[in-house]
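Contents: one structure, followed by commentary.
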Amino acid sequence: MNGKDDKPKGVAKLRWRAEEIAKEHGVPSPEDPATLSPTEALRLIHELRVHQIELKMQNDELCRAQAELNATRERYFDLYNLAPVGYFIVSHEGRILEANLTGVILLGVPRAALVKQPITQFIFKEDQDIYYLHRRQLLATGKAHTCELRMVKTDGTVFWVRLTATTQDPPTSSGHGTGGAPVSRVVLSDISEQKQMEQDKAKLDAQLQQAKKHPPVSPKPGRGKGGKNAARK
């Protein structure tokens, strides 16, 4: 330190603060042991030992809490990132702020490149109106809303999804810079197989209806090759 008024930094600052607190509580400096009586010295040693035990107990409790926090984070990772559906946090302006691993795979875009992109960029052009109406209703009511539409991967692959969105207040520590505006929590479920089955069933039903309207004509008996002459023989 350059002077008496200069406060130390780091570990030295912690030591300096501890000495200041000790002075405030009237703890004698070890530089002046003559001021301590045998009884006071024993009492001080006892207090130091008790304080040491308290610090150890606090440290054990912090270690236990840290272990539980790590376990919770691992469970959160499994539930959020490895879920069978895509999870997205979308800003009030419609830009993607967060995405889980399934969502990244669904859209076929690296996570870093996906963030800040408009979600409409991945919605099939002919289904943009569906999303627009869904978004307007969501913001107007604040209630969960679901729609079905087609989305497009970066390689051009079109697939069907069931999109469910809810609104929520942004976390104060999110770091997304939303300015306090509400965000949307969007869940995407790939329903391409279901839609394909529905289309196949619709085609089959149409074929059956067509068959009922125009049944096949069966040939009349006795009208085989040779006609009446063949029958007389």
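When you scan the stretch 65-85, do you find a residue that is within 19 Å of the chain's Cα centre (by Cα), under 19 Å from HIS134 (Cβ atoms) and of a type in the set (A, V, I, L, M), even just one?
yes
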Exercise. What are the residues in the stretch 67-91 that are over 21 Å from ILE191 (Cα atoms) and modelled with pLDDT under 90, if any?
Worked result: ALA67, GLU68, LEU69, ASN70, ALA71, THR72, ARG73, GLU74, ARG75, TYR76, PHE77, ASP78
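Quick check on my filter: what residues within the stretch 133-146 are on the phi < 0 side of the Ramachandran plot and surrounded by 11 or more Cβ atoms within 10 Å (Cβ to Cβ)?
Going through the stretch 133-146, the residues on the phi < 0 side of the Ramachandran plot turn out to be 133-141, 143-146.
Passing the criteria: LEU133, HIS134, ARG135, ARG136, GLN137, LEU138, LEU139, ALA144, HIS145, THR146.
One residue is enough: does the stretch 125-132 have a residue meeting the conditions out of contact with any Lys or Arg (no Cβ under 6 Å at 6 or more places or on another chain), of a type in the set (Phe, Trp, Tyr) and either surrounded by 13 or more Cβ atoms within 10 Å (Cβ to Cβ) or over 24 Å from PRO84 (Cα atoms) (or both)?
Looking through the stretch 125-132, at least one residue is out of contact with any Lys or Arg (no Cβ under 6 Å at 6 or more places or on another chain), of a type in the set (Phe, Trp, Tyr) and either surrounded by 13 or more Cβ atoms within 10 Å (Cβ to Cβ) or over 24 Å from PRO84 (Cα atoms) (or both).
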For this session: May I ask you to list the residues in the stretch 103-124 that are of a type outside the set (S, T, N, Q), more than 15 Å from CYS147 (Cβ to Cβ) and surrounded by 13 or more Cβ atoms within 10 Å (Cβ to Cβ)?
Result: GLY103, VAL104, ILE105, LEU106, LEU107, GLY108, VAL109, ARG111, LEU114, VAL115, PRO118
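Just to be sure before I move on: is PRO30 surrounded by 11 or more Cβ atoms within 10 Å (Cβ to Cβ), at pLDDT below 70 and assigned to a loop (DSSP other than H, G, I, E, B) in the structure I sent? Steps first, please.
On the way: surrounded by 11 or more Cβ atoms within 10 Å (Cβ to Cβ): no; at pLDDT below 70: yes; assigned to a loop (DSSP other than H, G, I, E, B): yes.
Taking the combined requirement at face value, the residue does not satisfy it.
The values are calculated or read from the model by the stated rules, or taken from the named source; none is laboratory data. None of the values given here were measured: they were computed from a predicted structure. Backbone-built Cβ (ideal geometry, glycine too); neighbour counts: all protein chains shown.
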